[in-house]
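The values are calculated or read from the model by the stated rules, or taken from the named source; none is laboratory data. Just so it is clear, the model here is predicted, and its values are computed rather than measured. With ideal geometry, Cβ positions are generated from the backbone for all residues, glycine too; neighbour counts draw on all protein chains shown. When the accessible area is computed, the model is the full protein with side chains, heavy atoms only, and any ligands, DNA or RNA have been set aside. Shrake-Rupley method; radii C 1.70, N 1.55, O 1.52, S 1.80 Å.
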Amino acid sequence: RVKEQGKNNYLFFTSEMNESIVRRTTMEKQLAIALEQEQLTLFYQPQVEASTGKIAGFEALVRWNMPERGLISPLEFIPLAEETGMIIQLGEWVLRRACEQHKRWIDEGLMPVIIAVNISMKQFEDDSLFETIRHILIETKLPPDLLELEITESIGLQGADQVINKLNRLKTLGVRIAIDDFGTGYSSLHYLQKLPIDTLKIDKSFIRDMISVTPDISIVHSIIRLAHSLQLDVLAEGVEVVSQLEMLAALKCERLQGYLFSRPIPAEEARALLLRQKLDEHYR
Ligand code: C2E
Ligand code: MG
Ligand code: MG
Ligand code: MG
């Protein structure tokens with residue numbers, strides 16, 4: 001009996017494993033096709049200036065519009081793209097599309113804002129990133145200081161000097177650099193001080209804790225104080241309710257992003273928000 005059960009378990013796991021391998025390979029192939037056939041699309045989530053409520057920027061967030069499944073979350077395919085190396089191509093596509101898009105809005109007379117693009121760990125480690133960004137800035141003519149690269153805090157594990165050198169080189173292009181998901185990694189104060197960065201983006205788990213059953217704003221407060229002492233901007237992500245907005249504004253957090261203001265929206269809707277802002281100013 002025991003033996004039989006073992007055998008059954010074995011068979012059970014094998015078929016599960018096969019299934020997931022098949023699913024993965026299929027998805028891998030489909031992702032390559034998606035890149036060719038423009039099945040990827042960028043959504044834009046507003047980043048609001050805390051003191052005025054005006055749009056200060058947009059974070060570009062990739063989605064995969066899969067023919068049979070509809071919109072797929074990046075959480076589902078970015079890890080796969082990272083593992084297969086496809087992230088290099090995908091990341092280049094995201095950068096180019098985001099820069100082109102925003103330059104078009106500026107040319108239309110809409111307000112220039114920051115356009116934030118996520119750079120994955122693999123992309124950051126790839127030696128071609130600098131040249132890729134340099135080319136895209138030349139091609140699209142987007143003013144470099146409008147492009148903010150979001151790099152997650154965990155890059156620190158790669159080796160401090162190498163990271164600092166890479167970031168310094170990227171900074172020579174005139175772009176902005178943000179540390180994404182800040183607070184979830186292990187950056188020491190000493191290390192942080194050496195990084196040529198512009199923005200600390202507080203991870204949404206801390207913003208959530210501000211209003212949990214046992215509200216805790218102490219970490220958020222410390223991060224904001226730390227950022228300001230290093231002359232950095234602070235951006236809070238995951239702002240969902242008014243009480244968070246009020247607390248963050250009181251703590252002089254510069255930018256806010258979250259469902260309270262808007263979910264990530266298609267390009268056309270983002271453009272409409274910029275246009276609305278333009279018209280409001282015009283008729284004020
Ligand atoms: P992230 O860079 O930390 O982006 C923020 C995520 O939080 C987004 O999820 C956004 O939709 C979500 N979010 C925004 N406001 C709220 C809120 O108020 N509450 C909650 N609960 N969530 C909120 P999304 O779009 O699913 O992206 C997930 C992650 O996928 C991103 O996290 C980023 O790490 C990665 N990602 C997305 N687009 C790209 C890309 O183009 N390249 C790379 N390398 N990674 C990307
Ligand atoms: Mg991000
Ligand atoms: Mg984040
Ligand atoms: Mg995150």
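Data overview
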| quantity | calculated |
| --- | --- |
| Probe 1.4 Å, protein heavy atoms only - accessible area per residue of the chain in square angstrom | 54 |
| Listed residue pairs exceeding 26 Å between alpha carbons, taken from Lys194/Lys252; Lys122/Lys171; Lys122/Lys204; Lys29/Lys103 | Lys29/Lys103 |
| Segment 164-220: equivalent-ellipsoid semi-axes (sqrt of 5 x gyration tensor eigenvalues, Cα, Å) | 28, 12, 7 |
| Spatial separation of Cα centroids for segment 116-166 and segment 175-245, in angstrom | 20 |
| Accessible-area order (highest first, 1.4 angstrom probe) of the listed residues Tyr259, Tyr44, Tyr283, Tyr186 | Tyr186, Tyr283, Tyr259, Tyr44 |
| Per residue, the convex hull volume that the Cα atoms of segment 179-256 enclose (Å³) | 80 |
| Shape box of the chain [Cα atoms, principal axes, largest first, Å] | 77, 46, 40 |
| Alpha-carbon Debye profile of segment 91-177, log10 I(q)/I(0) at 0.10 Å⁻¹ | -0.24 |
| Value at 222 nm in deg cm²/dmol, rounded to 500, when DSSP H runs of n ≥ 4 in the chain each add -39,500 (n - 2.57) | -16500 deg cm²/dmol |
| Note, ³J(HN,Hα) from phi for segment 139-154, Karplus 6.51, -1.76, 1.60, rounded to Hz, x at Gly and Pro | 4, 8, 6, 6, x, x, 6, 8, 8, 10, 8, 9, 10, 6, 4, 5 |
| Neighbour-limited loop hits for GluC sites (Glu not before Pro), segment 215-284 (at most 16 other Cβ within 10 Å; DSSP other than H, G, I, E, B) | Glu240 |
| Accessible carbon and sulfur surface of the chain relative to its total accessible area, %, 1.4 Å | 54 |
